[in-house]
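First up is the structure itself, then whatever we jot down about it.
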Amino acid sequence: DYLKPWPREMYATLVNRLKEEGAKGVVFDVLFTHASDNPEADKEFTKAMEEFGNVILGADFVKNTKTLSVGDGINLISPYEPFDAVIWDIGAVETFPDNDSTVRKHFIHDPDDVFSSLSWAAAEMVELPITKNQTAKFKSKFINYNGSPMEVIHSLGIHKAVPEPLRGTEYHKECPKGFFKDKMVFV
């Protein structure tokens, strides 16, 4: 069933690899709001995140729910509690599509915000200089790709980052051992 979520064991395997290879951190633009149907996989994923430490999970904001209110009828949907307890931080993944349904901006900070955007939380984790200036958090920011994003931001499917049974313990040729050293990884 292609609509089923990916198994959390796969995420645990990825996080373990990132830790072993010395990645700076991992940011999940994925909502993990509840337990999966596999409690052992949830425990494995929790342990991997706790041991790695530098993990940021996405959180979302919705209207009219019975979760933690952050003002104006907007409520935070945070990560599954055992995950939230072991991660470095959470970040808002809220986006705002324009009239043509294209997303060109996301969570806009306000001085009263309790939570950062996912990208700002990642920047804080790696201590980017801009994060030392708290007023910068509230200004619009643009990514300067200097060309095609595919030329600047290397991306690959998660299936290439974790061992695959048909390959044995070897990694995909595009993602060899040591690939993640000193990198921030966005999933």
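The values are calculated or read from the model by the stated rules, or taken from the named source; none is laboratory data. Because the structure is a prediction, the values reported are computed rather than measured. Backbone-built Cβ (ideal geometry, glycine too); neighbour counts: all protein chains shown. For accessibility, only protein heavy atoms count, side chains too; no ligands or nucleic acids. Shrake-Rupley method; radii C 1.70, N 1.55, O 1.52, S 1.80 Å.
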Please identify the pairs in which a residue from segment 172-187 that is more than 11 Å from Lys24 (Cβ to Cβ) and aliphatic (A, V, I, L, M) has its Cβ atom under 9 Å from the Cβ atom of a residue that is outside any loop (DSSP other than H, G, I, E, B) and open to solvent by less than 50 Å² (accessible area, probe 1.4 Å), counting only partners at least 6 apart or on another chain. Val187/Tyr11; Val187/Leu14; Val187/Val26; Val187/Val27; Val187/Phe28; Val187/Ile158
May I ask you to list the residues in segment 37-63 that are open to solvent by 40 Å² or more (accessible area, probe 1.4 Å) and assigned to a loop (DSSP other than H, G, I, E, B)? Asp37, Asn38, Asn54
Consider segment 4-32. How many of its residues are of a type in the set (Val, Ile, Thr) and either surrounded by fewer than 16 Cβ atoms within 10 Å (Cβ to Cβ) or in a helix (DSSP H, G or I) (or both)? 3
Mind listing whichever residues of segment 140-187 are within 22 Å of the chain's Cα centre (by Cα) and at pLDDT below 75? Ser140, Lys141, Phe142, Ile143, Asn144, Tyr145, Pro149, Met150, Glu151, Val152, Ile153, His154
Are any residues in segment 68-95 open to solvent by less than 60 Å² (accessible area, probe 1.4 Å), modelled with pLDDT under 75 and either touching a Leu at 6+ places or on another chain (Cβ under 8 Å) or closer than 16 Å to Phe115 by Cβ (or both), and if so, which ones? Val70, Gly71, Ile74, Asn75
Would you be able to say whether some residue in segment 12-29 is of a type in the set (Lys, Arg), free of Cβ contacts under 8 Å to residues at least 60 places away in the same chain and within 19 Å of Ala123 (Cα to Cα)? yes
